[in-house]
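For reference, the structure is listed below as structure tokens.
Here, each number is a calculation from the coordinates, and none is a lab measurement. The shown structure was predicted, so the numbers you read here are calculated from the model rather than taken from an experiment. A quick note on method: Cβ atoms are made from the backbone with ideal geometry, for glycine too, and the neighbour counts reach across all protein chains shown.
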Amino acid sequence: MKIVIFGGTNEGLEFCKILHQQGHEITLCIAGKTKNPKLPKCGKIRIGGFGSIENLSEYFINNKFDLILDATHPYAKNISRKLVAATNISDKNLMRFTRPIWQKNQPTDWHDFIDFAQAIKQLPTNAITFITTGHKGLEELQTRPDCQFFIRLIEPPKISLANNMMLIISRPPYTFANEKKFLIENKIMHLISKNSGSNQTRAKIDAAIELNINISMISRPKLDRAKTFTDMKTLLSCLKN
């Protein structure tokens, strides 16, 4: 089959490798927002956006793809929405892979919030907080000069950070030992995270639970309906049938 995969996630790269080995013709599409992204050593690569849903639909038709595979980040709702609309227009088959959400593995102070602004608003005065939610919404931190923030990102932010904000540039994966050490050394009281479900970043959650640190989890956005899998083996098995 001729398959186009959307997503620079680790799972997206794994799908590229496996499906290429199975003899499929693979194209990987990534947004290109991250500098020096991980790229597969097989198949074709397309970097950049498409603009409109119509442009995306034409791309599917002109390239005669048999399958569109959405393996984007669970919070990349805009591209997932466009993929549903574009495949409906172009009459193409769409499958979506999304990681299972992280679950509490023991009782802990864990609260779910609909967005980043809500999570920031509920912080108590003088909270020392570890932020791992990415670039979106960081301007909300300016509303809490009474708190101290440690912000971990892969790329530097476009906004200026105030004196109460410490920037950490780092890439996953992260280990439990290092995450626990970081939380203890910086006297972290609160962790704000997205529920990405990634095995490479789960360690911060486990470390926070062990240290009885308050966890504020940003809930995943609701996505337009598509044939969705949370297990890679199950999705791959469906392609064989």
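One compactness figure for the chain is 1.10, namely its Cα radius of gyration divided by 2.2 N^0.38 Å. Between Asp224 and Lys41, the simple spin-label model (points 7 angstrom out along Cα→Cβ) gives 3.7 nm.
Taking packing as the residue-averaged number of other Cβ atoms within 10 angstrom, the listed peptides 198-209, 160-171 run from highest to lowest as 198-209, 160-171. Computed over segment 129-241, the quotient of the alpha carbon radius of gyration and 2.2 N^0.38 Å is 1.27.
Note that segment 200-208 has calculated 3J(HN,Hα) couplings of 6, 10, 5, 4, 5, 5, 5, 5, 5 Hz, one per residue in order, obtained from phi through the Karplus relation 6.51 cos²θ - 1.76 cosθ + 1.60 (θ = phi - 60°); glycine and proline are x.
With unit charges on the beta carbon (Lys/Arg positive, Asp/Glu negative), name the residue among Ile154, Ile184, Ile120 whose Cα is farthest towards the positive pole of the charge dipole of segment 110-218. Of the options given, the answer is Ile154.
Remark: relative contact order (the chain) = 20 percent; criterion is Cα-Cα distance under 8 angstrom and separation of 6 or more residues.
Could you give the Stokes-Einstein D for segment 31-96 in µm² per second, using the C-alpha Kirkwood radius, 37 °C, 0.692 mPa s? Taking Rh from Cα pairs, D becomes 257 µm²/s. Potential lengthening of the chain between Asn63 and Glu14 amounts to 15.4 nm, from the contour at 0.36 nm per residue minus the alpha-carbon distance. Say R0 is 51 Å: what FRET efficiency, to the nearest 0.05, do Leu239 and Leu161 get from their beta-carbon distance? It comes to 0.70.
Structural descriptor for segment 110-218: relative contact order 34 percent, calculated from alpha carbon pairs under 8 angstrom and at least 6 residues apart. Eigenvalues of the alpha-carbon gyration tensor of segment 1-126, scaled by 5 and square-rooted, set the equivalent ellipsoid semi-axes at 32, 18, 14 angstrom, largest first. Its relative contact order, with pairs defined as Cα atoms under 8 Å and 6+ residues apart, puts segment 82-158 at 25 percent.
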